[in-house]
Amino acid sequence: MRTENPAMCDWTNKMEYERWTQHKDGGRRYGHMTTNISECVNSVLKGTRNLPVTSLVKSTYLRLAELFVVHGQTAEPQLGSRHQYSQALVKAIERNLKDSRCFTVTVFDRHLLDYTVAEITPTGKFSLGSYRVSLRDRTYDCGYFHALHYPCFHAIACCAQSRLDWATYVDEVYSMSEVFKLYQMSFALCILEGLWPPYDGPTVNPDPNMRRAREGRPRSTRIRNNMDEADTSRPKRCGLCRQPGHTRRGCPQRGSTSGI
């Protein structure tokens, strides 16, 4: 990163490594990065975030109830078919099994399950070199197991060398039984508004100044964080010629390219 853009590297180093790197997250995120969850919520609740509070809560509740039913119906047949792991893990393991053939493995301690793995052909993810693997402690130099909690291609190569089952080193969170448990929760039916009990609390009137303007470009409702902050010291460039000092509308090259 520093080779590509030193300023960007200095900017990222100001944030705690636990917030944006997998190898420093303590194994708590299972591969999810800082904005994964917020982006997921943005996608699920898109179109409902500008509603009044009551409608927002109702829409969120109904949307979650719908998604839990759909995902539960998808997971139940897989569990009934005796699928052991989720499809996402199966695809990842298949890739790792293929890449594990590109290594030579040396056993250093067959009781403590310590190995070194040397790459004989480049996999596209690591440079040619040697990596230490400890299956007992579930630690590898590449850091994939610590972050994702399932064996990478280095670990799978070691399992093949010692004739061990790689499934032993997969976290139970990836099993279909655990996935199905997540979607077993049921949602109660909403009471129709006509059957609500009488309300005798305070009346809340919306502020008309907070109403969204009907003209012009609507404001973005995307959940932002400090990674979305623009660099004010960086000059703005024309969208057409990429030169600073003017915009696309006043670009001197606009007329010369209009006939193309």
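Observations
- Among the candidates D137, D99, D109, D141, the residue that is surrounded by 14 or more Cβ atoms within 10 Å (Cβ to Cβ) and without any contact (Cβ under 8 Å) to a residue 24 or more places away in the chain is uniquely D141.
- Of the residues in region 239-246, at least one is modelled with pLDDT of 80 or more, on the phi < 0 side of the Ramachandran plot and hydrophobic (A, V, I, L, M, F, W, C).
- Residues (free of Cβ contacts under 8 Å to residues at least 24 places away in the same chain, exposed (fewer than 13 other Cβ atoms within 10 Å of the Cβ) and not small (G, A, S)) located in region 45-82: K46, V53, T54, V57, E66, L67, V70, Q73, P77, R82
- Scanning region 59-117 for residues that are closer than 17 Å to D165 by Cα and assigned to a strand (DSSP E or B) yields a total of 5.
The values are calculated or read from the model by the stated rules, or taken from the named source; none is laboratory data. Since we're looking at a predicted model, the values are computed, not measured. Note that each Cβ is placed from the backbone with ideal geometry, even for glycine, and that neighbours are counted across all protein chains shown.
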